[in-house]
Amino acid sequence: MHTPIEFFIKVPEDLFRRGGATKPRFDYIRLSPPRVAPEKFDLKVKNIGGQLLIDHKSGGLSLFNKPDFRSGSDWWVIPKDSPLPPGFTLSKDLTGNKFNGHYSVRSLTDITPEKWAEELGKWAEKYAVHVNKFTGKLVAKNV
């Protein structure tokens, strides 16, 4: 897991996420359950009165300060100074005890997976740019 060390209401630097050739896929999240460790998941869900809600303290959507093209060429950029969607924040995260360029988009409250996907999908449609069309500085992380 990642430990948040700083929070933001707008994107502090260009941030990257791998997606598809034509869609950024910011609305795709891996939930637990059904996934369980050691499988990777982004967020935990809980059942409250028969309604599944994302536990807002359990994690978020991963973004990185550099793309890693070893995992594919379809990276999307959220440019610096883009605002976060309403009801969300961005955390700068430690992995272990070190900052490795990882950030998480996190909900401020428990919300349904559908609402999460809808909000981040709309946010990506408005702000995400495929690296092929990105006009900012692109520095690849290949380590």
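Full extension from THR3 to GLN51: what is 0.36 nm times the residue separation minus their Cα-Cα distance, to one decimal in nm?
On the way: separation 48, 0.36 × 48 = 17.28 nm, distance 2.76 nm.
That pair, THR3 and GLN51, stretches by 14.5 nm at full extension.
Relative to the longest principal axis of the C-alpha atoms of the chain, give the angle of the C-alpha long axis of helix 113-127, reported between 0 and 90° and rounded to the nearest 10°.
20 degrees
Is there a quick way to get the dipole size of the chain? I mean about its Cα centre, with the Cβ of Lys and Arg at +1 and of Asp and Glu at -1; what is the value in debye to the nearest 20?
That gives a dipole near 320 debye.
Please report, largest first and rounded to whole Å, the three semi-axes of the ellipsoid equivalent to the chain, where each semi-axis is the square root of five times an eigenvalue of the C-alpha gyration tensor.
For the chain, the ellipsoid semi-axes come out as 24, 17, 15 Å.
May I ask you to sort LEU84, LEU61 by Cβ crowding, counting other Cβ atoms within 10 Å and putting the fewest first?
Exposure proxy ranking, most exposed first: LEU84, LEU61.
Between beta-carbons, use under 15 Å as the cut-off and find the net charge around HIS130, counting Lys and Arg +1, Asp and Glu -1. It would help to have the intermediate numbers written out before the result.
Details: positive: ARG17, ARG18, LYS23, ARG25, LYS126, LYS133; negative: ASP14, ASP74, GLU125.
Neighbourhood net charge equals +3.
Which lysines does LYS80 reach when only Cα atoms under 21 Å apart count, and residues fewer than 8 places away in its own chain are ignored?
Qualifying lysines at Cα under 21 Å: LYS10, LYS23, LYS66, LYS92, LYS122, LYS126, LYS133, LYS137, LYS141.
Hey, rough spin-label estimate for GLU13 and THR109, points 7 angstrom out along Cα→Cβ, what's it come to in nanometres?
3.3 nm
Each reported figure results from applying straightforward, stated rules to the coordinates on display, with no laboratory input. Note that the structure is a prediction, hence the values are computed from the model and not measured. Cβ sites come from the backbone with ideal geometry, for glycine too, and all protein chains shown count toward neighbours.
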